[in-house]
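Derivation of every value follows stated rules applied to the coordinates shown; laboratory data play no part. Just so it is clear, the model here is predicted, and its values are computed rather than measured. Here the Cβ positions follow ideal geometry from the backbone for every residue, glycine too, while neighbour counts run over all protein chains shown.
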């Protein structure tokens, strides 16, 4: 059977692939410390779960509008204003089955075949796949490690070329944890206005930022109001990955087009999950602050480990919960029977020799790097770091 080329061209997510490999080993009785998947290891706050149960009891189990209930869109508009200072009408907000679907909707709505799209690198693995699926071409924008992997307007200017129609920004960044300097947001906004670019700003990690870093939303840049799609979700902030609720805000005509697309693709996000989301963005949830504090502790642990791991280079993240590691110094060495030539070899050696799962940087646009998720308990992180230290003794 011949498949459509657009599907053949899709690359499987390396993060999900590594997670499946780690879980398969665990199911076989192997003790694997899984630092692959970007999923908070906390339970959803009890008040949020209770709202879902109440919705089931009340019979709220029917179709909703494709872009979400009116009540949730109103609440999200207020939530976005509180978070960013930007004002959106409920009709300028839509709900989706996770932030990934919101991004997919946005790319398919804005990218025409042949369009070039600026994507700062390293980048989340899904952006290039969505852009290519829509018929566009990715133009990587390097963000060097010596600049903390922070995007600048100067880097965009250097990468720009005729045919560029849009820009994807992700701050805090997955995989590096970099947070764009607040003053740079204005310079990037000015560049986009001058070049007449639309902007998709993925800010799903905005509540996970560690001092002295300061997150400033691109929604706060007034000049971008008519060309910005703001994307967020509940997965990271509220530990609601399995509930699959994301959202987007932007100009009314673009949001309406995205909702039409979603209406023909999946229809509405789950009604019960929407009830839970309404509770998440309207009720005070002390668990969120506790999760952020726990991630800050793990970040410190990761920084201490990195400082004593001579073969590895990197820096603690400004935000999110990942450690982005340069493994170039391991090239040419052999670990667990694997001769290292790239980050792909490193993660294979780490899994086989130390039973620690991580994700290779090749899917993020940087082949010599590796991403470790800090979404694991302090005890398991300590165990993972100890195992890796023992494995890498020959190259210390």
Contour minus Cα-Cα distance for residue 352 and residue 42 (0.36 nm per residue): 108.9 nm
Would you order 70, 209, 95 from fewest to most other beta-carbon atoms within 10 Å of each residue's own beta-carbon? 70, 209, 95
Between the modelled labels at residue 293 and residue 133 (7 Å from Cα along Cα→Cβ) the distance in nm is 3.9
What distance in nm lies between label points placed 7 Å from Cα along the C-beta direction at residue 223 and residue 307? 4.1
Full-extension gain between residue 196 and residue 390, please, as 0.36 nm times their residue separation minus the C-alpha to C-alpha distance. 64.6 nm
Of the listed values [x] 20.9, 62; [y] 20.4, 69; [z] 22.2, 88, grab the one calculated as Rg and Dmax of the Cα atoms in Å from the structure here. [x]
Determine, for 96, 13, the number of other Cβ atoms within 10 Å of each Cβ, and report the residues in order from fewest to most. 13, 96
Have a look at the DSSP beta bridges in region 46-282 and tell me what percent are antiparallel, nearest 5. 30
Candidates 87, 61, 152, ranked by Gaussian network fluctuation over the chain, Cα under 10 Å, top entry: 61
Once R0 is set to 41 Å, what does the formula 1/(1 + (r/R0)^6) return for the Cβ-Cβ distance between residue 260 and residue 378, expressed as a FRET efficiency to the nearest 0.05? 0.35
Calculate the FRET efficiency for residue 82 and residue 25 from the Cβ-Cβ distance with a Förster distance of 45 Å, rounded to the nearest 0.05. 0.55
Euclidean distance of C-alpha centroids, region 150-228 and region 233-291, integer Å: 22
From fewest to most C-beta neighbours within 10 Å, the residues 355, 292 line up as 292, 355
Could you work out which residue, out of 49, 121, 28, moves most in a Gaussian network model of the chain, that is, has the largest mean-square fluctuation with Cα springs under 10 Å? 28
Euclidean distance between Cα centres, region 1-59 to region 365-396, Å: 21
Tell me the mean residue ellipticity at 222 nm calculated for the chain from its helices only (DSSP H runs of n ≥ 4, each -39500 (n - 2.57), averaged over every residue, nearest 500). -12500 deg cm²/dmol
